[in-house]
Structures are given as C-alpha cells and as structure tokens.
Amino acid sequence: MKITHTDIYRFSIPMEPFTIATGTMDFAQNVFIRIHTDEDHYGVGECSAFPMIVGETQETCLAMAKDFAGLIKGKNPLDIPSLLQDLHNFTALNSTIKSAFDMALYDIAAKKEGLPLYRFLGGEKRAIETDMTIGIAKPEEMAETALKYQQQGATILKIKLGKDPDMDLQRIKEIRKKVGDKIILRIDANQGWSFNDAIKCLDGMLNLNIEFCEQPMRTWYDDRLPELKQKTNIKIMADESCYNHHDARRLINSASCDYINIKFAKSGGINEGLKIHQIAYDSQIPCMIGSMLESRIALSANLHFAYACPGIKYFDLDTCLLGHLVDPVNGGLTYDGFFLDIPDAPGIGADADEDFLKTCEMWRI
C-alpha cells in the first residue's frame, strides 16, 4: 500500500464565542485531511488550532500540512512510527497539525484490518460520560449556564477560571450555590494564576467540593508545581505542562501533579498519546482525554483512544457541544445525554459531510 495524495481542507466551523483565561475564539480554526492510498482505503484526520495554548493557527497548520503531505507521498501508510518520525525530523513542535496526519494514518491502518479503531488499539467499550465546560463570563451568567446544563442532565461541570482571583472565587461560589452539592465541579485556570493567586483561590475553594484544578499556573512556573501540590488539598491536573511522554515523566518524577490531561493537539496524536498514557498508567497517575474545539471527527478518534486506555478516568469531550453552529460530520460518535457511544464501523467511523466540504478551501498534494 502506498500514499497517492492528500486532500487538505480549511475546516472552519462557526461557533458562539468561547472565552478562557488566555483569550476568546469565535470560530473553530480546524483543518481536515484525507490521506488517499492506492487501495480502497483513505484515512481522515482533523485538528483544531488553539493559538493561545499551542501556538499554532489555522494558517500555520495549513502551511505545514502541505509540506507534510509532500513528505509522506509514495510511502507506506501502515509504517506509522516511521512516517511520524519523518514529520518530526522535518520540523520541531507543530503538534496540532501533526495530530491530523497521525489520526488519518491510524484510520487507514484500522480500516485495513477491518476493525474499529479502539479494537485495533486493543481496547474495549465502556461507559464514558463527558463533562460540560463553562467559559469565563460574569459570575451570575456562569451560574445560570451551570444550572441550564444541570437541568439538561449533566452531572459533571468543568469551570473555566484564571482571569482574576477574587472574581474567580465569586464565580465558583455562585455556581456551587446555584447547582447545589451533588453535581461534580472541576476547575481549569488555563495558566491564568500566579503561584500566590493559585494558593489564594484553591484555599478559598476548599469547602466547595472541587474535584480537581487543571493547569493553575503558567508553564514557566512548573518548578513550583510540587510546592503548590503540597500546599493544597485540591488535586492538581497538568494540561499545558504536558505535551509529550518526556513531560509526563518529568511531572511524575517531580511529584508535580495528581493527574495528566492528554490532548492530541498537544501530543501530536494517538502515537504519542499512548506513550503518555503508559507512563502515567505505570505510575498510577490517572489521565483525562481532552480536546480543543474539534468536530465529531476528531472527537470520535478521542473516544476510540479512551476505550483503548484504561488509565483514562476523566473525559472532556464536549467541544462540539460548546456553541458549534454547524455539525459538518457524517457518522462518528453520538451523545445520549452526556454519555458517548460510537458505531463499530472500521477505522474512526466518521467523515466530513460532502456538502460542507464544498464550502471549504481545498488543496491536493
């Protein structure tokens, strides 16, 4: 089997504005690719650029995608580690667009075997419930959004914080007051706090039953994560501090966190994500599978990955529910309330809607 060409699409998805500590997004800056082969199978991949976090934009992803497509043309798509190494040798970083190529290659490999991706990866289905994320707004607005999700059946809420410590405390207190004590609350500061801000906020939330705090400080304060972890009773999850399995090893060996968030946009996809999971699993560090602003294509790959990784205990797979105004996907994962499932189709089991693709700028390499 050889790769004949790659189709690259500007896969922009209009959405309601979504705000976190580092900025606001008003459309999903996604890229969709199809890697075609000289057999019946082609693989699909999608990535979602989140420049305030990963440093890639839709434009940089498109530019690198054209180079990557040229690098892999004519090669065996089943030789995944070698092809990914070719991408790494060509350029450092650029994990977001690499994840789309990684995903498409795994899609081809699973389709070749006639297996859904999770079974190709050695996994089994299990019950998976996503949280629902609430972006930063006024405290009373966030509390009303929390109540709305609760009334829709959500049992886990992820609250974005990190703009202002005093206001953040007010936000979480208003939310807890509005939804009561039974619903699970987890918080994500997206690097928004200093060390002292983090201590102030976490100490102020000790009686609010917070499940964990995700990425409290900027990554340049990673050396202070062990100290922060010792000084608070709220569990700490590393997100932006962990891009690859070397980061995971460093964080675990330094006792810097209780949990790790795996995202394909950071890891470069499934291949590296599996390595992060294995290191964490061996050290009994539970993981979350997270995402940026992907459609149900990439979220389907995330769900397959979660089925294959028993150490993933937390699930943040709500991105296409966070104000996407269009669903440009055929097949793929479905939601029963906030529980996820996926058909047992070969590969990822999701593809882009052809009518939507007709509206997208496209390049063939």
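The values are calculated or read from the model by the stated rules, or taken from the named source; none is laboratory data. This structure is a prediction, so every number in the text was calculated from the model and none was measured. Positions of Cβ are backbone-derived with ideal geometry, glycine not excepted, and every protein chain shown enters the neighbour counts.
For the range 14-54, which positions are assigned to a strand (DSSP E or B), surrounded by fewer than 22 Cβ atoms within 10 Å (Cβ to Cβ) and not basic (Lys, Arg)?
If the condition is that a residue be assigned to a strand (DSSP E or B), surrounded by fewer than 22 Cβ atoms within 10 Å (Cβ to Cβ) and not basic (Lys, Arg), then Pro14, Met15, Glu16, Pro17, Phe18, Thr19, Gly23, Thr24, Asp26, Phe27, His36, Thr37 are the ones that fit.
With respect to Leu78, is the statement that it is under 28 Å from Pro216 (Cα atoms), assigned to a loop (DSSP other than H, G, I, E, B) and not β-branched (Val, Ile, Thr) true? Give the derivation first.
Values: under 28 Å from Pro216 (Cα atoms): no; assigned to a loop (DSSP other than H, G, I, E, B): yes; not β-branched (Val, Ile, Thr): yes.
No.
Select from the range 121-156 the residues that are among the hydrophobic types (A, V, I, L, M, F, W, C) and either over 23 Å from Glu46 (Cα atoms) or more than 21 Å from the chain's Cα centre (by Cα) (or both) and list them in ascending order.
Start the filter on the range 121-156 by keeping residues that are among the hydrophobic types (A, V, I, L, M, F, W, C), which leaves 121, 127-128, 132, 134, 136-137, 142-143, 146-147, 154, 156.
Passing the criteria: Ala127, Ile134, Ile136, Ala137, Met142, Ala143, Ala146, Leu147, Ala154, Ile156.
Quick grid of which residues meet (1) free of Cβ contacts under 8 Å to residues at least 40 places away in the same chain; (2) within 24 Å of Asp351 (Cβ to Cβ); (3) not assigned by TED's automatic domain parsing to the domain that holds Asp38:
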position: Lys66; (1), (2), (3): no, yes, no
position: Ala69; (1), (2), (3): no, yes, no
position: Asp79; (1), (2), (3): yes, yes, no
position: Leu83; (1), (2), (3): yes, yes, no
position: Asn89; (1), (2), (3): yes, no, no
position: Thr96; (1), (2), (3): no, yes, no
position: Ser99; (1), (2), (3): no, yes, no
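For the range 112-139, give me each residue that is surrounded by 13 or more Cβ atoms within 10 Å (Cβ to Cβ), farther than 30 Å from Ile35 by Cβ and among the charged types (D, E, K, R).
Glu129, Asp131
Condition first: among the aromatic types (Phe, Trp, Tyr) and either free of Cβ contacts under 8 Å to residues at least 60 places away in the same chain or buried (at least 23 other Cβ atoms within 10 Å of the Cβ) (or both). Now tell me which residues in the range 228-276 satisfy that. Before you say what the answer is, go through the steps one by one.
First, the residues of the range 228-276 that are among the aromatic types (Phe, Trp, Tyr): 243, 259, 264.
Across the range 228-276, the qualifying residues are Tyr259, Phe264.
Identify all residues within the range 321-355 that are assigned to a loop (DSSP other than H, G, I, E, B), among the small types (Gly, Ala, Ser) and buried (at least 17 other Cβ atoms within 10 Å of the Cβ); write none if there are none. It would help to see each step written out before you state the result.
From the range 321-355, those assigned to a loop (DSSP other than H, G, I, E, B) are 322-323, 325-328, 332-333, 337-338, 342-346, 348-349, 353; that's our starting set.
In the following step, the residues that additionally are among the small types (Gly, Ala, Ser) were identified as 323, 332, 337, 345, 349.
Within the range 321-355, Gly323, Gly332, Ala345, Gly349 qualify.
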